[in-house]
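Read through the structure below, which is laid out as structure tokens, and then see the notes.
The values are calculated or read from the model by the stated rules, or taken from the named source; none is laboratory data. Quantities reported herein were computed from a predicted structural model and do not represent experimental measurements. Don't worry about glycine lacking a Cβ; one is built from the backbone with ideal geometry, like all the others, and counts go over all protein chains shown. The area values use the complete protein model at the heavy-atom level, side chains included, leaving out ligands, DNA and RNA. Shrake-Rupley method; radii C 1.70, N 1.55, O 1.52, S 1.80 Å.
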Amino acid sequence: MSSLTVKHLFGLQDLPENDIDKILDTAFKFREVLDRPIKKVPSLKGKNILNLFFENSTRTKMSFELAAKRLSADVMNFSSSTSSLKKGESFKDTIQNLHSMKVDCIVIRHSSPGSCINLTNYMDATIINGGDGFHEHPTQALLDMMSLKEKFGKIKGLKIGIIGDILHSRVARSNIYGLIAMGAKVTVCGPANLIPRDVSDFGVDVCYDVDSLIERVDAVNVLRIQRERMGIGIVPSTREYRELFGINQERISKLNKKLVVLHPGPINRGVEISSEIADGENAIILDQVLNGVAVRMSVLFLLLGGQK
Ligand code: CP
């Protein structure tokens with residue numbers, strides 16, 4: 001039985017502030033577990049969690065697996081590229097067969113927006129969205145918010161810039177919903193053709209000049225600019241993108257404050273972020289990764305009604 005107001009975590013668009021608060025508070029408690037010599041609690045002993053990944057992933061897949069193991073759950077990892085989907089088995093048959101193995105929770109990543117919601121047609125397990133196309137990536141935004149809260153002690157009132165391909169980014173969408181719900185001020189920045197026309201309806205500001213953005217925000221979340229969008233008219237070239245929007249030492253050195261830099265990963269070194277910044281003291285990228293385990297422990301624990 002879920003301890004949140006929702007049974008599934010499809011996204012942050014309609015997730016109440018109280019639920020986000022509860023997830024972050026619980027994540028900070030689990031963060032302490034990760035620092036112990038024995039990094040394991042029995043909270044989800046006997047639960048069976050299936051990671052169902054139809055797209056590549058390093059951070060989300062590994063941290064959901066580790067989170068489940070840290071909570072003493074059993075974990076099954078499904079990879080579409082080595083499954084019987086390759087022999088022509090349908091999505092529905094695949095899901096129904098896996099579900100009949102008594103799965104309590106499915107974490108799904110799929111290129112199709114709404115694929116996580118579609119699963120409810122075939123099963124009654126708890127479903128967590130691990131990224132569905134351009135739609136949402138809720139646990140990424142939750143771990144980003146946890147990392148901001150860890151750094152600043154609060155989220156309310158923070159000024160956050162999100163830089164990059166906002167139009168195609170599930171990370172941007174979930175961050176916008178979550179940060180606005182938690183009282184942050186969000187400004188998006190990127191090439192005009194990669195900013196949704198209706199973005200101000202989400203309650204965010206738009207800025208097309210990254211130097212002016214970084215002067216006015218406390219932290220920036222730098223999105224991966226997909227190389228496949230380069231040089232085909234969407235983004236003219238890697239060099240031009242780096243010059244106009246890349247976060248580098250030269251830009252940051254002009255500021256009279258310490259800008260905090262987040263990136264969801266994977267990073268394109270030398271494109272949206274320079275190596276100096278990615279590996280330097282402004283970046284909290286690896287803190288985000290560790291917090292990702294804690295946030296995913298929290299989400300699994302709260303949705304599956306774990307015992308302390
Ligand atoms: N940030 C993120 O979702 O990374 P992966 O694609 O490696 O899971």
Considering only residues that are more than 16 Å from the ligand (Cβ to nearest atom) and of a type in the set (D, E, K, R), which ones fall in the range 101-133?
Lys102, Asp104, Asp124
Is there a residue in the range 285-303 that is in a loop (DSSP other than H, G, I, E, B), away from the ligand (no atom under 13 Å from the Cβ) and farther than 15 Å from Ile163 by Cβ?
no
For the structure I just gave you, tell me whether Met101 is of a type in the set (A, V, I, L, M), in contact (Cβ under 8 Å) with a residue 24 or more places away in the chain, open to solvent by 60 Å² or more (accessible area, probe 1.4 Å) and assigned to a loop (DSSP other than H, G, I, E, B).
yes
For Arg239, indicate whether it is under 14 Å from Ile160 (Cβ atoms) and exposed (fewer than 15 other Cβ atoms within 10 Å of the Cβ).
no
I want to confirm something. Restricting to the range 134-192 and keeping residues that are among the hydroxyl-bearing types (Ser, Thr, Tyr) and within 20 Å of Leu15 (Cβ to Cβ), which single residue is farthest from the ligand (Cβ to nearest atom)?
Tyr177
In the range 21-41, is there at least one residue being open to solvent by less than 40 Å² (accessible area, probe 1.4 Å) and in contact with a Cys (Cβ under 9 Å, 6 or more places away or on another chain)?
no
If Met62 satisfies all but one of (1) aliphatic (A, V, I, L, M); (2) surrounded by fewer than 17 Cβ atoms within 10 Å (Cβ to Cβ); (3) more than 16 Å from the ligand (Cβ to nearest atom), what's the number of the condition it fails?
(3)
Determine the pairs where a residue that is in contact (Cβ under 8 Å) with a residue 24 or more places away in the chain and under 12 Å from Val293 (Cβ atoms), located within the range 27-38, has a partner that is among the β-branched types (Val, Ile, Thr) and assigned to a loop (DSSP other than H, G, I, E, B) with Cβ atoms under 6 Å apart, the partner being 6 or more residues away or on another chain.
Val33/Val41
